[in-house]
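Since the structure comes first, as structure tokens, the remarks are kept for the end.
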Amino acid sequence: SAVISQKPSRDICQRGTSLTIQCQVDSQVTMMFWYRQQPGQSLTLIATANQGSEATYESGFVIDKFPISRPNLTFSTLTVSNMSPEDSSIYLCSVEGGTNEKLFFGSGTQLSVL
Amino acid sequence: GQQVMQIPQYQHVQEGEDFTTYCNSSTTLSNIQWYKQRPGGHPVFLIQLVKSGEVKKQKRLTFQFGEAKKNSSLHITATQTTDVGTYFCAGRGSGGSNYKLTFGKGTLLTVNP
């Protein structure tokens, strides 16, 4: 199993500012995933972060809005840029592991934008 | 693109009653996974189904994968208050750009003691 530390756990931010979320894994992993979970909704994949290359973004998500860093095999950051109230959500980082390619999730960052 | 529909969105039961959530994919899946998210928590992996018609059990939980590998269900027998949470299915497509996991919207289960 993988243990993922994610921070901050929650934040309240002003419109127009940016927030960087950090994700630390206790083992080396090739891919790290960033998800968004809007209130009462499902998990939507934002992007896949690979070490040593540009992140791969899903439809509807762009690098300018959600820049991602992946400096090594155990760490990644997601920045939510120029925030608006519509960005209020839970952001989760995740890695795959085990024989089932199952996902392990961080504890999430609950973001509120005023 | 690949879509995974899950019903019902909410289910409230009395403790001891059974519960079922259903998942349906727009495309054939290579496998399907189920996750549970407790209130205020993060999703936790429950199980993966791979084979057509597969049935797996975990104590009071029974998971099924349809013959066409496009639908799945999770059935809980005699619910307990510890079963409270949102249950998500997540389908993995057959390959290429479809290989990523697509989550259903989840079923929120509440249990009245």
Would you tally the residues in the range A:31-82 being more than 19 Å from A:Ser107 (Cα to Cα), away from chain B (no Cβ under 13 Å) and touching a Leu at 6+ places or on another chain (Cβ under 7 Å)?
2
Taking the range A:97-113 as the search range and keeping residues that are open to solvent by less than 30 Å² (accessible area, probe 1.4 Å) and farther than 15 Å from A:Lys7 by Cα, which one is nearest to the chain's Cα centre (by Cα)?
A:Leu103
Name the residues in the range B:52-77 that are over 19 Å from A:Asn100 (Cα atoms) and open to solvent by less than 40 Å² (accessible area, probe 1.4 Å), would you?
B:Ile76
Matching option when the condition is away from chain A (no Cβ under 14 Å), out of contact with any Lys or Arg (no Cβ under 7 Å at 6 or more places or on another chain) and basic (Lys, Arg), among B:Lys105, B:Lys59, B:Lys51:
B:Lys59
Pairs under 7 Å by beta carbon, first residue open to solvent by 30 Å² or more (accessible area, probe 1.4 Å) in the range B:28-51, partner modelled with pLDDT of 95 or more and among the aromatic types (Phe, Trp, Tyr), six or more apart or different chains?
B:His42/A:Phe105; B:Val44/B:Tyr35; B:Phe45/B:Tyr35; B:Leu46/B:Trp34; B:Leu46/B:Tyr35; B:Lys51/B:Phe65
Quick one: which strands (runs of 3 or more DSSP E) lie wholly within the range A:34-114 and hold at least 3 residues that are closer than 25 Å to B:Leu108 by Cα and touching a strand residue (DSSP E or B) at 6+ places or on another chain (Cβ under 8 Å)?
A:43-50, A:89-97, A:102-105, A:109-113
Within the range A:8-23, considering residues that are in a strand (DSSP E or B) and over 29 Å from B:Leu108 (Cα atoms), the one least open to solvent (accessible area, probe 1.4 Å):
A:Leu19
Of everything in the range A:65-96 that's aromatic (Phe, Trp, Tyr) and touching a residue at least 40 places away in the same chain (Cβ under 8 Å), which residue is least open to solvent (accessible area, probe 1.4 Å)?
A:Tyr91
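The values are calculated or read from the model by the stated rules, or taken from the named source; none is laboratory data. Predicted model, so just to flag it, every value in this text is computed and none were measured. A quick note on method: Cβ atoms are made from the backbone with ideal geometry, for glycine too, and the neighbour counts reach across all protein chains shown. For the accessible areas, the whole protein counts, side chains as well, though only heavy atoms, and no ligand, DNA or RNA atoms are used. Shrake-Rupley method; radii C 1.70, N 1.55, O 1.52, S 1.80 Å.
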